[in-house]
Amino acid sequence: MITLTTCLRRDYVKRGGKSLVIIRFWINKERIELQTRVDIQAKHWDPNKKIVRKGEKNAKDLNLLIQQSKDRINKILIKYRLSEIELTSWRGSLKNFLLILQGF
């Protein structure tokens, strides 16, 4: 089973002091990081709950966008699991999986 983890990308901060929220997971010892298109200031991120704090004015909407991104990834992973296609290598089905997520 693959676990999706939401985190704030702290190694790259934009001019306004905002950082991007990413979804990170592992497939066959390969770390995959996908952007959620949500960027916030670090003070509005709750690292324990992995959500945007209520101090941000659009916290509910941003948390909903993050959850929708996770749901999309889960849907694709379930589709692969049900079709019995193994995500094995960058040249194989894992590459196809990442290409699908680019439209994400």
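Between Asn74, Asn96, the distinction of being at pLDDT 70 or above and out of contact with any helix residue (DSSP H, G or I) (no Cβ under 8 Å at 6 or more places or on another chain) belongs to Asn74 only. Summed over segment 29-66, the residues that are open to solvent by less than 90 Å² (accessible area, probe 1.4 Å) and within 14 Å of Thr3 (Cα to Cα) give a count of 5. Restricting attention to segment 4-27, does a residue exist that is surrounded by 12 or more Cβ atoms within 10 Å (Cβ to Cβ) and in a loop (DSSP other than H, G, I, E, B)? Within segment 4-27 (the criterion being surrounded by 12 or more Cβ atoms within 10 Å (Cβ to Cβ) and in a loop (DSSP other than H, G, I, E, B)), the answer is yes, since at least one residue qualifies.
The values are calculated or read from the model by the stated rules, or taken from the named source; none is laboratory data. All of these numbers come straight from a predicted model, not from anything done at the bench. Cβ: placed from backbone, ideal geometry, glycine included. Neighbour counts: every protein chain shown. For accessibility, only protein heavy atoms count, side chains too; no ligands or nucleic acids. Shrake-Rupley method; radii C 1.70, N 1.55, O 1.52, S 1.80 Å.
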